[in-house]
Amino acid sequence: MNKLFTPSAYNNVLIWFISLICLPVSRLLALFKISPNLITSLSLVLMILSSLFLINGNSLLFLIIFLCSLFLDFCDGQVARILNKSNKTKFRFDHFTDIIKISIIYITFGILFNDYYSWIFFFVSFTLFFF
């Protein structure tokens, strides 16, 4: 088993395929010693930027930047495994930003469609994270 892929990649063909596509970029980022947390932060910034494009009606830029954000979300774990950087604390920055990104998506669609239920999903997902 290749240690660069998560165990879930061997149970899900889509995750395995995306991980395989991300691997060359992850190796390049690791070669330049780019921190996995920096990659995660960049992914979060791109998610915020993509949401702003969607709210402003630019669907194409939303899609491109959103996919780049997801791409980097796969790369950060691979870079962490390549550089052998594991989290020694209980705080998991990657998981925390994933919750924020999901909440950003709910907020974006709540604003875009002025939908009451999107706001409820945002509240529930954020509440479940903190409890």
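Read-outs: derived from the displayed coordinates by stated rules, not from any lab. No experiment lies behind these values; they were computed from the predicted model shown.
Sorted largest first, the spans of the alpha carbon positions of the range 63-112 along the three principal axes are 41, 26, 7 Å. Working note: Karplus 6.51/-1.76/1.60 with θ = phi - 60° gives the range 45-59 the couplings 4, 5, 5, 4, 4, 5, 5, 5, 5, 5, 4, 7, x, 9, 5 Hz, where Gly and Pro are set to x.
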